[in-house]
Amino acid sequence: MAKILLVGPVGAGKSSFFNSVNSLFRGNMTSQAICGSAGTSLTNQFRTFTLKSGKGGKPIPLILCDTMGLEDEPGAGLNIDDIVNINKGHIKDRYQAFHELVLLTKVDAACPLVAEDLQNLYSSHYIQRKVQEISVHLGVPVNSVLPVKNYNQEVDLDQNTDILLLSALDQMLNYADSFFENQLEDEKP
């Protein structure tokens, strides 16, 4: 089973991402993970969430791990030591690197063209420039920066939002699959 660790600053949309994906799979809006727009992390503990297909449906073999937001103040929110402790024992020592994907959230708030129509996302020069900047700044490939829009004020699901969410999940699962394949290869005699 793949576990995806969601890490980022306060208000980045980690819990909202889970709620959005959960809504997509359940077929209606959900709010299982606490989220909002406070200046400090509303998620106050490490939580794991299993996704289910439909209401009361079969669990999907993917766990999203929600964390407190990264905060500047000592003792507030999540810190790097917490991330190490979360993963301790779950990944063998020889696996020093994680496959990193970056969710570029709030793309509709960042660009009026995208706010008008999510289908404009890939033709938005502003979003393309932001993806490039993030890629360079964090040292990840451009195709590892995934623009998404979380549900936050909608009452109904939207096909274009769902496509972005599913695309991000698909890429996450592809990376997890590659990780598992590498692990099996390394275990061969």
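Using 15 Å as the cut-off for backbone N distance, which residues of segment 139-170 belong to the label zone defined by a point 7 Å from the Cα of Asn28 along Cα→Cβ? It comes to 155-157, nothing else.
Couplings 3J(HN,Hα) of segment 139-148, computed from phi: x, 10, x, 4, 6, 9, 9, 10, x, 9 Hz, in residue order, whole Hz [Karplus 6.51 cos²θ - 1.76 cosθ + 1.60, θ = phi - 60°; x for Gly and Pro]. The order of Ile134, Ile127, going from fewest to most other C-beta atoms within 10 Å of their C-beta, is Ile134, Ile127.
Which entries of Lys58/Lys106; Lys3/Lys149; Lys3/Lys106; Lys14/Lys52 have Cα-Cα distances beyond 25 Å here?
Lys58/Lys106
Subtracting the Cα-Cα distance of Gln183 and Gln119 from their residue separation scaled by 0.36 nm leaves 19.3 nm.
Distance between the pseudo-spin-label points of Ala110 and Leu138 (7 Å out from Cα toward the beta carbon): 1.0 nm. Taking other C-beta atoms within 10 angstrom as a stand-in for reagent exposure, Phe180, Phe25 fall in the order Phe180, Phe25, fewest first. The residues Val145, Val102, Val136, Val155, when put in order of fewest to most other Cβ atoms within 10 Å, stand as Val155, Val136, Val102, Val145.
No value in this document is a laboratory result; all are computed from the given coordinates. Because the structure is a prediction, the values reported are computed rather than measured. All Cβ positions, glycine included, derive from the backbone under ideal geometry; neighbour counts span all protein chains shown.
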